[in-house]
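Just below is one structure, and these are the notes that go with it.
The values are calculated or read from the model by the stated rules, or taken from the named source; none is laboratory data. Computed from a predicted model, the values in this text were never measured in an experiment. Virtual Cβ from ideal backbone geometry, glycine too; neighbours counted across all protein chains shown.
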Amino acid sequence: MKVVLVHPPIEDFYITNIRRQPLGLLYIASALKEKGHEVMLLNCHLAKKKEMPIPDEFDYLKKFMLQSDPYLKFPFKSYSHWGLSWEEISLRIKNIEADLWFISSLFTTYYEEVDRIIELIKKHHKNSIIAVGGNHATLHAQYYLNAQRVDFIIRGEGEISSIELLEKIQKGGTLDDIPGVIYTKNPQNINSLSQSPDINQIAYPARELLAPRDFIAYKKKLISLITSRGCPNRCNFCTGKIIWGNKYRTTNIDYAMKEIDQCLKYYKADIINFEDDNLFANQERAKSLLNEIIKLKKTIQKNFELTAMNGISIENINEEILPLMQEAGFKELNISLVTKSSSIQSENNRPFDSQKFKNIASAAQNLGFNVRGYFIMGLPEQTKEEIRETIDFLKSLKISFFPSVYYNVFSPESQWKVQRSSAFYNEGKDFTREDLIKFFNICYKNKNE
């Protein structure tokens, strides 16, 4: 069968430019290719942007866009479409014939971009079979059954379920026994998750489907990969366990090193970016992985860089691991405090406290790392005073630090579009939207001073 995997464009006030390699779709592509299916990737998410009118849903922000006070002014200059234009996407979809279209729906706030892809496929291919997967589809499968009336939703990891789905479509038979596959005739299966693959046995992501432009970041060739799935921690605000289940799984070191070697030799990577949710959850594995990377660098004599832009959880980082990270090629350390408040840390099941954060940040700085700290601003239980204390604490460490504004992916459908970090939508008992914008601007003005 011919399958087209679609990575939609994004419309927002800003984006993270490196997130153009859809690993989930690429893993599914490899799984399907191994079974003899013809696979194509339609990657609509590009670095190029086109400014567009700000949607009406964000009208509440207009008074801040007109502010003259730099601390109260909305911090983003424009709203843009990032990727292929809708006209080009429509033309490409029209000219592609496929047996099944598989669309990635990762982020709740970008659900309308996914909806438009669905509409275009139905417009040009009335009898098409459409499946949707990803974080948002897993969280809100009922929406795609009822509102969009797609044929199938895959909840959770897609490698095994997508293979079984295509086999049933080809050969016939009931779909009811495929875990994680939701469809109109079996909506009672709505809460089931797909079967998780053995991540030491699956094929590496089908990066050959990417265009050369998809690898470019910071004027270098960057390749993202993961060496684990899930996280052993149970932070209350994280939805990762909904996709990965409750188990934390890691690849063995040999499997990880073969993928890194492939990225360096075949794809000529300058930067390896680890996108794991928790890369160094185990100290011994961390040391083994880093030592093997150090050995590889000496063997191939290539001075590639390492980064973990998704962040590194530091509960198991110590002063033995930091020098190994540096020798292996890490130059920056992205770490998240979330909050300085010990009570909020406890309520959210955070795995380390502020003192641990300070110790690791200081030790990394002493080694010459560029330390970048992150925190969440606008948690429902926060107060203005607590936000100030967190900012003052991070400022005292003399590191770069950045706020992420809290959003709620479990909000009602009417709020999905505004539930994004750039929209400052959620107000609390003790803080207003104006407070959040002011604190956000304080952080960035501190960074630039």
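Of all residues in segment 229-244, exactly one satisfies the criterion of being of a type in the set (S, T, N, Q) and within 14 Å of the chain's Cα centre (by Cα), namely T239.
Of the residues K185, K122, K171, K126, the single one that is in contact with a strand residue (DSSP E or B) (Cβ under 9 Å, 6 or more places away or on another chain), surrounded by fewer than 19 Cβ atoms within 10 Å (Cβ to Cβ) and either of a type outside the set (F, W, Y) or not assigned by TED's automatic domain parsing to the domain that holds C238 (or both) is K122. Taken over segment 14-42, the criterion of being among the polar types (S, T, N, Q), over 17 Å from I199 (Cβ atoms) and either surrounded by fewer than 22 Cβ atoms within 10 Å (Cβ to Cβ) or touching a Phe, Trp or Tyr at 6+ places or on another chain (Cβ under 7 Å) (or both) is satisfied by T16, N17. If you go through segment 48-83 and keep only what is within 16 Å of F439 (Cβ to Cβ) and surrounded by fewer than 12 Cβ atoms within 10 Å (Cβ to Cβ), you end up with D69, P70.
In the set F402, F375, F424, F357, only one residue is within 28 Å of I242 (Cβ to Cβ), touching a residue at least 12 places away in the same chain (Cβ under 8 Å) and out of contact with any helix residue (DSSP H, G or I) (no Cβ under 7 Å at 6 or more places or on another chain); that residue is F357.
Answer yes or no: is there a residue in segment 191-214 that is touching a strand residue (DSSP E or B) at 6+ places or on another chain (Cβ under 9 Å), assigned to a strand (DSSP E or B), assigned by TED's automatic domain parsing to the domain that holds F352 and surrounded by 15 or more Cβ atoms within 10 Å (Cβ to Cβ). Scanning segment 191-214 turns up no residue that is touching a strand residue (DSSP E or B) at 6+ places or on another chain (Cβ under 9 Å), assigned to a strand (DSSP E or B), assigned by TED's automatic domain parsing to the domain that holds F352 and surrounded by 15 or more Cβ atoms within 10 Å (Cβ to Cβ). Remark: F64 falls outside the filter, which requires a residue to be within 27 Å of the chain's Cα centre (by Cα), over 28 Å from D214 (Cβ atoms) and at pLDDT 95 or above.
Which helices (runs of 4 or more DSSP H) does segment 316-379 wholly contain that include 3 or more residues that are within 20 Å of C235 (Cα to Cα)? Before the answer, list the steps.
Numbers: elements: 321-328, 342-347, 354-367.
It comes to 342-347, 354-367.
The single condition from (1) under 24 Å from D56 (Cα atoms); (2) touching a Pro at 6+ places or on another chain (Cβ under 7 Å) that S78 fails is (2).
Within segment 415-442, take every residue that is within 23 Å of the chain's Cα centre (by Cα) and part of a helix (DSSP H, G or I) and give me the one that is nearest to K358 (Cα to Cα). The selected residue is F440. Going residue by residue through segment 398-406, is there one that turns out to be of a type outside the set (A, V, I, L, M), within 17 Å of N236 (Cα to Cα), at pLDDT 95 or above and part of a loop (DSSP other than H, G, I, E, B)? The answer is yes, given that some residue of segment 398-406 is of a type outside the set (A, V, I, L, M), within 17 Å of N236 (Cα to Cα), at pLDDT 95 or above and part of a loop (DSSP other than H, G, I, E, B).
From the list P412, P380, which residue is modelled with pLDDT of 95 or more and in the same structural domain as I442 (by TED's automatic domain parsing)? Give the steps one after another, and end with the answer.
Details: P380 fails: modelled with pLDDT of 95 or more.
Going through P412, P380 in turn, the sole match is P412.
Scanning segment 215-236 for residues that are part of a strand (DSSP E or B) and within 19 Å of S162 (Cβ to Cβ) returns a single hit, R229. Filtering segment 110-131 for residues that are on the phi < 0 side of the Ramachandran plot, in contact with a Phe, Trp or Tyr (Cβ under 8 Å, 6 or more places away or on another chain), touching a residue at least 40 places away in the same chain (Cβ under 8 Å) and assigned to a loop (DSSP other than H, G, I, E, B) leaves a non-empty set. Flag: Y14 matches the condition of being within 30 Å of Y218 (Cβ to Cβ) and either assigned to a helix (DSSP H, G or I) or at pLDDT below 95 (or both).
Only residues that are in a helix (DSSP H, G or I) and buried (at least 16 other Cβ atoms within 10 Å of the Cβ): list them for segment 295-315, please.
Of segment 295-315, the ones in a helix (DSSP H, G or I) are 295-300.
L296, K297, listed by residue number.
Among the numbered conditions (1) in contact (Cβ under 8 Å) with a residue 60 or more places away in the chain; (2) assigned to a helix (DSSP H, G or I); (3) surrounded by 18 or more Cβ atoms within 10 Å (Cβ to Cβ), the only one that S161 does not meet is (1). Could you please let me know if V6 is out of contact with any Lys or Arg (no Cβ under 7 Å at 6 or more places or on another chain), farther than 30 Å from F440 by Cα, buried (at least 18 other Cβ atoms within 10 Å of the Cβ) and at pLDDT 95 or above? So V6 passes the test.
Just so you know, in segment 84-95 the residues that are assigned to a loop (DSSP other than H, G, I, E, B) and either charged (D, E, K, R) or within 28 Å of the chain's Cα centre (by Cα) (or both) include one that is surrounded by the most Cβ atoms within 10 Å (Cβ to Cβ), and it is L84.
Just one of the listed residues (G373, G368, G378) is crowded, with 17+ Cβ neighbours inside 10 Å and at positive phi, namely G378.
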